[in-house]
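The values are calculated or read from the model by the stated rules, or taken from the named source; none is laboratory data. No experiment lies behind these values; they were computed from the predicted model shown. We place every Cβ from the backbone using ideal geometry, glycine too, and count neighbours over all the protein chains shown.
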Amino acid sequence: MEHLLTYILMAVLMSMLPGTDTVLIMRNYFAYGAKGAYYTVIGIATGLLFWTCIAVLGLSVAISQSVFVFNLIRYVGAAYLLYIGIRVLLTRSHLQIQSLQPTDSSVMMHQPTKHYKESLLQGMISNILNPKTVLVYVTFIPQFIDTEGHVHQQLLYLGLILTLIAVIWFIVLVGLLQHLQHVLQKPKVQLVFQKLTGLALIGFGVKTAL
């Protein structure tokens with residue numbers, strides 16, 4: 001497989017570019033702490049693995065060539081981002097990280113579990129319904145495929161590498177957020193970020209739709 005190092009470098013840069021995934025991770029870190037952010041990362045990885053399987057099966061190209069299917073993914077994904085953004089924007093109270101450490105064991109068993117599942121689903125659904133993810137597998141990854149080799153196997157390897165790089169970067173991002181936790185715990189900082197997050201998600205939703 002030629003130009004593997006180039007592919008890895010470009011995949012790293014693509015993962016580090018701020019986008020919907022970054023906003024969701026930061027939002028859920030504010031809302032549910034580091035564990036909520038890690039669950040979001042798991043969801044993102046699940047979404048990327050979903051498209052890796054689709055690409056290996058050869059369906060990603062078919063989806064990209066179908067105007068109806070591609071637009072369906074685009075508009076549903078845009079609507080989902082708008083929904084999350086509006087929901088975050090309309091939340092009146094700021095999010096306290098300290099409040100996510102309940103002393104009541106029953107609350108620890110039930111309430112956080114719901115939040116963590118929600119975080120995971122947000123990361124997964126936002127990637128599955130993201131048309132940009134489809135384009136990555138249709139336009140970016142194929143540039144590094146050796147057509148004389150086993151194409152499906154190469155698609156699998158490259159998809160797994162992209163997923164691994166994304167997960168590593170997002171784990172680093174969560175670590176940076178933890179390092180800055182003393183700043184992030186300030187109510188004014190959280191309230192401002194909450195509103196900016198809602199606006200960013202709405203902006204990504206509009207951009208996706210257009």
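Assorted remarks:
- Residue match in region 189-209 (condition: closer than 14 Å to Trp51 by Cβ and of a type in the set (Ser, Thr, Tyr)): no
- Search result, residues across region 146-188 that are of a type outside the set (A, V, I, L, M), assigned to a helix (DSSP H, G or I) and either in contact with a helix residue (DSSP H, G or I) (Cβ under 8 Å, 6 or more places away or on another chain) or within 20 Å of Met10 (Cβ to Cβ) (or both): His152, Gln154, Tyr157, Gly159, Thr163, Trp169, Phe170, Gln178
- Yes/no for Phe170 being crowded, with 19+ Cβ neighbours inside 10 Å and within 29 Å of Tyr75 (Cα to Cα): yes
- So Val192, is it of a type in the set (A, V, I, L, M, F, W, C), closer than 25 Å to Ala45 by Cα and either in contact with a strand residue (DSSP E or B) (Cβ under 8 Å, 6 or more places away or on another chain) or in a helix (DSSP H, G or I) (or both): no
- In this structure, Val134 does satisfy being at pLDDT below 90 and either crowded, with 20+ Cβ neighbours inside 10 Å or under 20 Å from the mean Cα position of the chain (by Cα) (or both).
- Of the helices (runs of 4 or more DSSP H) that lie entirely inside region 16-89, those containing 3 or more residues that are out of contact with any helix residue (DSSP H, G or I) (no Cβ under 6 Å at 6 or more places or on another chain), in contact (Cβ under 8 Å) with a residue 60 or more places away in the chain and within 26 Å of Val172 (Cα to Cα) span 20-56.
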